[in-house]
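First up is the structure itself, then whatever we jot down about it.
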Amino acid sequence: MKAYTTKEKIQHLLISNAVPIIFILMSAIAIPLSGFSPTYLVQEMLIRLARNSFLVLSLIIPILAGMGLNFGMVLGAMAGQVGLILVSDWAVVGIRGLLLAAMIATPIAIALGYVCGAVLNRAKGREMVTSYILGFFVNGLYQLAVLYAFGKVIPISNSELVLSRGFGIRNAINLAGMRHALDYLVPLKIGNLNVPVGTYLTIGLFCLFIVWFRRTKLGQDMRAIGQDMHVAGAAGIPVEKTRIIAIIISTVLACYGQIIFLQNIGTLNTYNSHDQAGMFAIAALLIGGATVSKATIPNVFLGVILFHMMFVVSPMAGKQLMGQAQIGEYFRVFISYGIIAISLALHAWKRQKDRERARRSLRGEA
Amino acid sequence: MNEKLKGFIEEAGWPRVIIGLFLLSLFVAAPFVQVRVDASISDTLVRFGMNGILVLAMVPMIQSGCGLNFGLPLGIIAGLLGAVTSIQLAFTGMLGFLTALAIAIPLAALFGTAYGLLLNRVKGDEMMIATYVGFSSVAFMCMMWLLLPYTSPTMIWGYGGSGLRTTISVEGYWLHILSDFLSVQVGEYFYIPTGMFIFFGFMCFLMWAFLHTKTGTAMTAVGSNPEFARASGIDVNRMRVVSVVLSTVLASIGIIVYQQSFGFVQLYMGPFYMAFPAVAAILLGGASVHKASMVNVVIGTFLFQGILTMTPSVINSLLQTDMSEVIRIVVSNGMILYALTRKVQVKR
């Protein structure tokens, strides 16, 4: 290994962090254009960090296991929502409601995670697209359950939750009783800023969990599988089982993440809330500089801040720039999809190049 | 007999048999719940014609080993650009339809080339990237629809004076221009859009003929075994680009045919999820991720559109609730999932 010069090091740093750097530059242009006050932006970012970080963190473990971005995390989100619906029917409020919702949702998330893991084991090498379609498929089953079974098979007593026809859950559920139950469990105010300490503590605990988990035997096994499935299998690691465990952990965490997300927002859109959870979480993670094969905890937080900064300022910036807020709206949609497309493409390209290089090195001198 | 049945089920695959039987039972049940069978069949036929070419667009990329073209919206966008430009030029009738095609096809070829070059760099991950290429191009065009300088009063927002509407009627331009060509109307409810079928059949024939030319055979070879194809002197990357261009061009033609029958041009988020029904249909027809034929296209489109037409009416009258949307989601995504998780069979 030859030592790198400073210039090379800087070059490497710039290239490997190209995505976050571009986003920092874009925010630097868009923030003054939008005309939002710094206090407002800081408050927004504090809230959004609390709201979204957990969901994004749930993506890390499957990446560790080499399964790419777990688009199947929406399964967990749906499980969380089922828990929340039941809890709001039973009118359990506050932090107790959230805990109960998590308790109900956990077995569902474990079951769904197991199914997802088993399906992905049958689709090695195209986990991402498969988990993505699986998300849609389970969304269908979720709608089937929530639209037809709830109120018929599963009794729902609170008439405010049920559609006027007598069964099926309404489009929007007010979670007023649970709103900010975790966020402001420990109240803290700095100046005019509300700090959701409770959620931060949870997220902090979870980060510690990830750091610890990576060092355990299971975490090391996952990393080995992520490096090379065949070698790991030959070394006696139960590849399929470990992959299933990785997905189960991710699904359960996404389920808690969605509960945290919704207690912060305060309303549950029964049929849409989970839809975008996956997409936004993945976009945020990629914007934070993660790739399909490598994601760290700093990536998560940087990504959430940058992505949501874009999210907050772009409609206003679009309005100032083009005279239409709608342009900014579409722009942020474009950015979220475009960034996923580019990151995936760059990663696949790099992998292909690596493969070619490996093949060439076997060929010897021509 | 039993052996034969077993063989057939093995050949067709369980999901296809189940869905076929489901559709059959819907048709059988229809008269008992006061749903007109002739109207249903007619609806199915119309939708079959509308969607056929979009499903056909899947074939080239599957054959060349690029997988399922989730990036279909890219071609659809080229078609949309052709359609709105033709309306802008105020061409009506067959001339308008042909103008739309004439504008859409070169655009689609252009988009397809760029898209193909991208997919060549990401071999093995085509499907996921295709999905997001489709999504981001739709989102990008959402901005463009607002900004492009179209002025025809039938297309732009009434109040702002700029920006295209979300749905634009093609009535007065080229509504049903293909469908009504030689069309057959029996009684009040039964209608066969002959012209659309002829056009679809013609496209299928062209595709079939192309796959039997030298280039077409080379393309199939690339899909079956790229290493072998390369060893026999085929330019693998070029063949893949050709297949992607073909797929994109077919998508652009397909959406214009769809619009002339449907009656509206749907902009903005309209094309967003259009790839999924097309993918589901061809898989339902018996295609795998690696192999597809014209028969798969025809059977798949018919089965899939049949279910889409029949479930709302029949299930609605049967259960007094509308479950069609949920059934559609479960069937189409279940089908894609089945195809993706099927163990790849290697024939030796």
Once the mean 1/r over all distinct Cα pairs of the stretch A:17-352 is inverted, what Kirkwood radius in angstroms do you read off?
-> 20.7
Hey, what D do you get for the stretch A:26-168 in µm²/s if you plug the Kirkwood alpha-carbon radius into Stokes-Einstein at 20 °C and 1.002 mPa s?
-> 120
Could you go through the stretch B:288-304 in sequence order and give the Karplus-derived ³J(HN,Hα) for each residue, using 6.51 cos²θ - 1.76 cosθ + 1.60 with θ = phi - 60°, rounded to whole Hz, and x for Gly and Pro?
-> 10, 5, 10, 8, 8, 9, 4, 4, 4, 4, 5, 4, x, 4, 5, 4, 5
Alpha-carbon gyration tensor eigenvalues x 5, square-rooted, for the stretch B:175-261, Å = 37, 12, 8
Where in chain A are the DSSP H helices whose C-alpha atoms run 30 Å or more along the long axis and whose mean Kyte hydropathy is at least 1.0?
-> A:94-121, A:239-265, A:297-322
Please find, in a Gaussian network model of chain A (springs between Cα atoms separated by less than 10 Å), the residue of A:Ile282, A:Ile173, A:Ile248 whose mean-square fluctuation is greatest.
-> A:Ile173
Local net charge near B:Val133, Cβ-Cβ under 13 Å (Lys/Arg +1, Asp/Glu -1) | -1
Size-normalised alpha-carbon gyration radius of the stretch B:1-155, reference 2.2 N^0.38 Å = 1.40
Given backbone amide H placed at 1.01 Å from N, residues whose amide H is under 5 Å from that of B:Trp174, ignoring those fewer than 5 places away on the same chain, are B:Gly93
Would you mind telling me which residue in B:Lys214, B:Lys291, B:Lys123 has the biggest mean-square fluctuation in a Gaussian network model of chain B, where springs connect alpha carbons within a distance under 10 angstrom?
-> B:Lys214
With +1 on the Cβ of every Lys and Arg and -1 on the Cβ of every Asp and Glu, the dipole magnitude of the stretch A:188-248 about its Cα centre, in debye rounded to the nearest 20, is 180
For chain B, what is the convex hull (Cα atoms) projected area averaged across all directions, in square nanometres?
-> 19.8
For the stretch A:267-335 versus the stretch A:153-219, the gap between their alpha-carbon centres in whole angstrom = 20
Report the label-to-label distance for A:Asn194 and B:Phe228 in nanometres (one decimal), using points 7 Å from each Cα along the Cα→Cβ vector.
-> 6.6
Over the stretch B:13-338, what is the mean sequence separation of C-alpha contacts under 8 Å (at least six apart), divided by residue count, expressed as relative contact order in percent?
-> 33
Please find the FRET efficiency linking B:Tyr189 to B:Arg342, where r is the Cβ-Cβ separation and R0 is fixed at 41 Å, and quote it to the nearest 0.05.
-> 0.55
5 angstrom amide H check on A:Thr267, placed H, neighbours 5+ away = A:Leu175
At 20 °C and 1.002 mPa s, the Stokes-Einstein diffusion coefficient in µm²/s for the protein assembly as shown, with hydrodynamic radius from the Kirkwood sum on alpha carbon pairs, is 78
What pairs in A:Lys124/B:Lys291; B:Lys4/B:Lys214; A:Lys9/A:Lys124 have C-alpha atoms more than 25 Å from each other?
-> B:Lys4/B:Lys214; A:Lys9/A:Lys124
Mind checking the dipole of the stretch B:13-338: about its Cα centre, +1 per Lys or Arg Cβ, -1 per Asp or Glu Cβ, Debye to the nearest 20?
-> 680
Candidates B:Ala30, B:Ala251, B:Ala275, ranked by Gaussian network fluctuation over chain B, Cα under 10 Å, top entry = B:Ala30
Net charge of neighbours whose Cβ lies under 13 Å from the Cβ of A:Leu182, counting Lys and Arg as +1 and Asp and Glu as -1 | +2
Within the set of other residues whose C-beta is less than 12 Å from the C-beta of A:Ala317, count the net charge using Lys and Arg as +1 and Asp and Glu as -1.
-> +1
For chain A, calculate the relative contact order in percent as a whole number, restricting contacts to Cα pairs under 8 Å that are 6 or more residues apart.
-> 30
Apply the Karplus parameterisation 6.51 cos²θ - 1.76 cosθ + 1.60, with θ equal to phi minus 60°, to every residue of the stretch B:235-249 and state each ³J(HN,Hα) to the nearest whole Hz, in sequence, with x for glycine and proline.
-> 7, 4, 4, 5, 4, 5, 4, 4, 5, 5, 4, 4, 4, 5, 5
In sequence order, calculated HN-Hα J values of the stretch B:333-342 (Karplus, 6.51, -1.76, 1.60; Hz; x Gly/Pro) = 6, x, 5, 5, 4, 4, 5, 6, 9, 5
Taking H as built 1.01 Å from N, whose amide H comes closer than 5 Å to the amide H of B:Ser169, not counting residues under 5 places away?
-> B:Val265
Rounded to the nearest Å, what's the spacing between the alpha carbon centres of the stretch A:43-83 and the stretch A:129-143? Just the number, please.
-> 16
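Values in this text are rule-based calculations from the coordinates and carry no lab data. Predicted model, so just to flag it, every value in this text is computed and none were measured. With ideal geometry, Cβ positions are generated from the backbone for all residues, glycine too; neighbour counts draw on all protein chains shown.
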